[in-house]
Amino acid sequence: MSRIPVSRPTICIISFSPIARDARVLRQIQYLAPQYDLIVLGYGAPPERWKNDTRVRWLSVDPPRWYEMQHIKVLLITGKIWKPSIWYELWYWLQRLHAQAFACLKHLHADLVYANDWQALPLGWRLAARWNAPLILDLHEYAPLEWEEQWKWRLFIAPVTNYFLRRYAVHAGATLTVAPEIAHRYREVFGFLPTVVLNAPEYLAIDDHAVDPQTVRLIHHGSAIRGRTLELMIDTIRLCDRRYRLSFMLVGDRDYIQHLHAYADRVAPGRVSFLEPVAPNQVVRQIAPYDIGFYLLQPTNYNNSVALPNKMFDFIHAGLAVCVGPSPGMA
């Protein structure tokens, strides 16, 4: 007598990020795929290792263009002075990105919606209500203060972030975040306490290696974001003994990476190198031959101060010594 196949529940994962290099979202996919069918929406093509996996359906949307945000900024200004609930909702749903994402998903169905970060929250809530499904909210940072050092963020984005968290986070069946300090801040300000899921990779057995005291190799990997002032690490190498060498493995802003190349050649010639980036699941093995994982992150905002980023745990899993700056969370 043949068995009737039992259909598996479906989870819809929404993340307005480049999925192929979003380590946290890729860990969600890896953990859930053995038990659930997945619909994953984000920017760009999936990682090579997932392209032929029938358990995951990939939907790609185009990231917003800078001029699109300029066109609807007036809605944020209006919302600050008159009926924010109306104008902030218009600001969100008039964006091509969110309209395109809803159009991609509205005719599908999932048994649970997993929204990554506050940008996915209104869309996640709308789909969860449409499908009569529970909603999970994963807040990767403390959203209202993500770029608080920038006046444009404080003026335009922080108020709308606060609005969407107060309006929609209460509908989430569960919330998560990346660090204990951030979880407590959400409870103090918004009244919900996220579960902490650290940005730690799956364990990988790595052989130890001897360190040559005459050639100490430091490694930094991650996104090339100007606000992180990566030049500080080059300046550090410039001031150290010549036996110290630094390698960067960066993704993102190509212009900024080229600037770092030129800056390193000028202030620390021959002592800073740049590696081709690898997929997130290959990072630990790639950095394991180095001696020290290095990250100077200026605590220019709240999130930088309490950060517990992917790279911190990659360093640890790779068996490296860890050198960080005055960031209380990592320290």
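The values are calculated or read from the model by the stated rules, or taken from the named source; none is laboratory data. The model shown is predicted, which means the values in this text are computed figures rather than measured ones. So basically every Cβ, Gly included, is an ideal-geometry build from the backbone, and we count neighbours across all protein chains shown.
A few comments on the model shown:
- Unmet criterion (only one of (1) assigned to a helix (DSSP H, G or I); (2) in the same structural domain as Pro64 (by TED's automatic domain parsing); (3) hydrophobic (A, V, I, L, M, F, W, C); (4) crowded, with 21+ Cβ neighbours inside 10 Å) for Ala129: (4)
- Residue match in region 223-243 (condition: under 24 Å from Val25 (Cα atoms), outside the structural domain of Arg49 (by TED's automatic domain parsing), surrounded by 15 or more Cβ atoms within 10 Å (Cβ to Cβ) and in contact with a helix residue (DSSP H, G or I) (Cβ under 7 Å, 6 or more places away or on another chain)): yes
Every residue, every condition in (1) crowded, with 18+ Cβ neighbours inside 10 Å; (2) on the phi > 0 side of the Ramachandran plot; (3) touching a Phe, Trp or Tyr at 6+ places or on another chain (Cβ under 6 Å), yes or no:
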| residue | (1), (2), (3) |
| --- | --- |
| Pro18 | no, no, yes |
| Pro34 | no, no, no |
| Ile39 | yes, no, no |
| Glu48 | no, no, no |
| Asp53 | no, no, no |
| Ser60 | no, no, no |
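- Residue within region 278-286 that is outside any helix (DSSP H, G or I), buried (at least 16 other Cβ atoms within 10 Å of the Cβ) and small (Gly, Ala, Ser) present: no
- Between Val189, Val160, Val170, the distinction of being assigned to a helix (DSSP H, G or I), touching a Phe, Trp or Tyr at 6+ places or on another chain (Cβ under 8 Å) and surrounded by fewer than 16 Cβ atoms within 10 Å (Cβ to Cβ) belongs to Val170 only.
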